[in-house]
Amino acid sequence: MDKIISFDNVNGILTSEAGCVLENLSKLVENEGFIMPLDLGAKGSCHIGGNISTNAGGLRFIRYGSLHGSVLGLEVVLADGTILDMLTTLRKDNTGYDLKHLFIGSEGSLGVVTKISVLTPAKLPSTNVAFLSCNDYKSCQKLLLAARRSLGEILSAFEFMDHHCIDLAMRHLEGVHNPLPASPYKFYVLIETTGSDESYDKTKLEAFLLRSMEDGLVADGVIAQDISQASNFWRIREGISEASVKVGAVYKYDLSIPVEKLYDIVEEMRCRLGDSAEVLGYGHLGDGNLHLNIVSSKYDDNTLGRIEPFVYEWTSAQRGSISAEHGLGLMKAEKIHYSKSPEAVQLMASIKKLLDPNWILNPYKVLPQSVL
């Protein structure tokens, strides 16, 4: 199931089988002057069908949104073997329920995605990447708002990392260096812009950074002068997860939290754990998505007991999501109630029973056993 069926190079619509590797699809559409709306650190090994089934978020969600907005059609095999043909390439089709959305993000629990059609944006020639430092989290928030207002149509990524992440990356990632080594800052932000006019875009970014420094939002910063520098910036951000596993045990949480409250859970967790573990906070600030990594020398029940269920209860109290982009799977199926009401969970269970009455598709995942 790894065949590319067609590519419409007028409208930028790719149709393929679900087993195609994301990076291969990305190269194909780039050769045609387009880009995949989804970009992941794991693009060299992940499959587009799996990305759709988990509704993968990615690095440029702030620009291109979720796969719910990019996927035009699907072919899905249901539990009884029925082939559900929804493989349309239409941008607009308002005839009844848009059933494909049931399967995007359902983690294979309602049907197996076998073919996809996806809308790919035009590839723009100008990309700029800046690596900035901020003295406090409030400045990061204000910088995000300023970037939305000043960079607008060219803003394609807004990532943040605390200094614990940078320190870890510098210690454990090969071939990277800190772009701002002069003094330790508390927070770092990576901003990427993508546009159609190299000179205009760079001038706009430089003016934004100068204004942000004058306003006290940015303590220091640098714009990548070439592809190598830009790759180094991205390597730091994408390598944090890789660096953390080199220390030992890592407890990972993928949370959606209102931006103004997003870093509070990191500080709360540091107070709870003290010196027994290192707490890292980073992620897609433009999407309100925090990756909370807690690094310890080994896994133990005492540490886990201080983390859970506190992290879920705290997130629920903020009306956040306990899984922003990684899904529930097996480990979090019983914890869905922290983010969804009993009525919503019961409706999901009714849909599951209708489409998979014998519970053969990805059993024990997504939904708690108590409702099945």
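May I ask you to say which residue of Ser139, Ser133 is among the hydroxyl-bearing types (Ser, Thr, Tyr) and within 15 Å of Glu260 (Cα to Cα)?
Going through Ser139, Ser133 in turn, just one is among the hydroxyl-bearing types (Ser, Thr, Tyr) and within 15 Å of Glu260 (Cα to Cα): Ser139.
Of all the helices (runs of 4 or more DSSP H) wholly in segment 263-372, which have at least 3 residues that are at pLDDT 95 or above and among the acidic types (Asp, Glu)?
264-273
Look at segment 137-163 and say how many of its residues are closer than 19 Å to Val279 by Cβ, buried (at least 20 other Cβ atoms within 10 Å of the Cβ) and over 19 Å from the mean Cα position of the chain (by Cα).
Residues in segment 137-163 being closer than 19 Å to Val279 by Cβ, buried (at least 20 other Cβ atoms within 10 Å of the Cβ) and over 19 Å from the mean Cα position of the chain (by Cα): 1 in total.
Is there any pair with a first residue in segment 142-155 that is touching a residue at least 40 places away in the same chain (Cβ under 8 Å) and a second that is of a type in the set (Asp, Glu) whose Cβ atoms are under 7 Å apart and which are 6 or more apart or on different chains, and what are they?
Here the result reads Ile154/Asp201, each pair linking segment 142-155 to a residue that is of a type in the set (Asp, Glu).
Just checking, how many residues over segment 207-233 are surrounded by 14 or more Cβ atoms within 10 Å (Cβ to Cβ) and within 16 Å of Leu151 (Cβ to Cβ)?
Qualifying residue count, segment 207-233: 9.
What are the pairs, 6+ residues apart or on separate chains, where a residue within segment 18-42 that is on the phi < 0 side of the Ramachandran plot and assigned to a loop (DSSP other than H, G, I, E, B) has its Cβ under 8 Å from a residue that is of a type in the set (D, E, K, R) and surrounded by fewer than 20 Cβ atoms within 10 Å (Cβ to Cβ)?
Correct list of pairs: Gly19/Asp2; Cys20/Asp2; Cys20/Lys3; Ile35/Lys123; Gly41/Glu238.
Select the strands (runs of 3 or more DSSP E) contained entirely in segment 98-211, then report the ones holding at least 3 residues which are acidic (Asp, Glu) and not assigned by TED's automatic domain parsing to the domain that holds Leu84.
Output list is empty.
In segment 126-136, is there at least one residue being surrounded by fewer than 22 Cβ atoms within 10 Å (Cβ to Cβ) and farther than 30 Å from Ala243 by Cβ?
Yes, the conditions are met somewhere in segment 126-136.
Working only within segment 178-200, note down all residues that are crowded, with 21+ Cβ neighbours inside 10 Å and among the charged types (D, E, K, R).
The answer is Glu192, and nothing else.
The values are calculated or read from the model by the stated rules, or taken from the named source; none is laboratory data. Worth saying up front: this structure is predicted, and the values here are computed from it rather than measured. Neighbour counts are summed over all protein chains in view; Cβ atoms, including those assigned to glycine, are modelled from backbone coordinates with ideal geometry.
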